[in-house]
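See structure below.
Please treat every number below as a calculation from the coordinates, not as lab data. Treat the numbers as computed from the prediction; the structure is a model and nothing was measured. Positions of Cβ are generated from backbone atoms using ideal geometry, with glycine treated the same way; all protein chains shown enter the neighbour counts.
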Amino acid sequence: MKNLIQAGLIGLAIGSLIELLVSFLQAIGDTPEYVWATPAYLEAFGGNTLAAATLAKASYILLGILFQLANRIYASEKISLTLATFSHFLLALAGVATTGLVLRWFPLTPAGFAVFGLIFFLVYSLIWGISWLRTSRSVQELQKKLGQQA
């Protein structure tokens, strides 16, 4: 339970940081004010920004918990690394896409889905690649230490 609460708080923190980053990038471009959500999302709440913000923050928390649960796939010794990665990718895609639909991160068009999917794939691949390199280095260091002890 403690891990899930931590995961939710991490999701909340990451989501909030991304909000700030997007708002900052928009301010550089054309809107010099804090815009924490898409206009389409805010319009859906008819001016009730408290309800909009609450749903957005709850979405970030749930996404953090989903990622924590999805990471447990890798702990299973019954499935291959390839299947674990593919399963994790699908869960992450489903969670982020659902959050994106709720928060209206992209237009509900085939092109909107395609652009979102491409961006998600690129970001996921980058994070996966960095994680794989770190793990590979750790394994090499451990093997080196074990070789010195023999």
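Quick rundown of the values:
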| read-out | value |
| --- | --- |
| Residue within the range 90-100 that is loosely packed, with under 14 Cβ neighbours inside 10 Å, more than 19 Å from Gly8 (Cα to Cα) and either without any contact (Cβ under 8 Å) to a residue 60 or more places away in the chain or not hydroxyl-bearing (Ser, Thr, Tyr) (or both) present | yes |
| Failed item, numbered, when Arg137 is tested on (1) among the basic types (Lys, Arg); (2) part of a helix (DSSP H, G or I); (3) surrounded by 11 or more Cβ atoms within 10 Å (Cβ to Cβ) | (3) |
| Filtered residue count, the range 108-118, keeping only those that are surrounded by fewer than 13 Cβ atoms within 10 Å (Cβ to Cβ) and outside any loop (DSSP other than H, G, I, E, B) | 4 |
| Some residue of the range 40-57 being touching a residue at least 40 places away in the same chain (Cβ under 8 Å), loosely packed, with under 15 Cβ neighbours inside 10 Å and more than 27 Å from Lys2 (Cα to Cα) | yes |
| Any hit, the range 111-132, residues being touching a helix residue (DSSP H, G or I) at 6+ places or on another chain (Cβ under 8 Å) and among the polar types (S, T, N, Q) | no |
| Matching helices (runs of 4 or more DSSP H) fully within the range 37-107 where at least 1 residues are in contact with a Gly (Cβ under 9 Å, 6 or more places away or on another chain) and over 15 Å from Glu19 (Cβ atoms) | 49-71, 81-102 |
| Extreme residue, farthest from Arg72 (Cα to Cα), among residues of the range 1-39 that are in contact (Cβ under 8 Å) with a residue 40 or more places away in the chain and in contact with a Ser or Thr (Cβ under 9 Å, 6 or more places away or on another chain) | Ala37 |
| Close pairs from the range 101-126: first under 17 Å from Ala40 (Cα atoms) and touching a residue at least 12 places away in the same chain (Cβ under 8 Å), partner aromatic (Phe, Trp, Tyr) and surrounded by 13 or more Cβ atoms within 10 Å (Cβ to Cβ), Cβ under 6 Å, at least 6 apart | Leu103/Tyr41; Arg104/Tyr41; Phe116/Phe106 |
| Residue count for the range 1-36, restricted to those that are over 18 Å from Leu69 (Cα atoms) and either assigned to a helix (DSSP H, G or I) or aliphatic (A, V, I, L, M) (or both) | 15 |
| Single condition Asn71 does not satisfy, out of (1) buried (at least 18 other Cβ atoms within 10 Å of the Cβ); (2) in contact with a His (Cβ under 9 Å, 6 or more places away or on another chain); (3) not charged (D, E, K, R) | (1) |
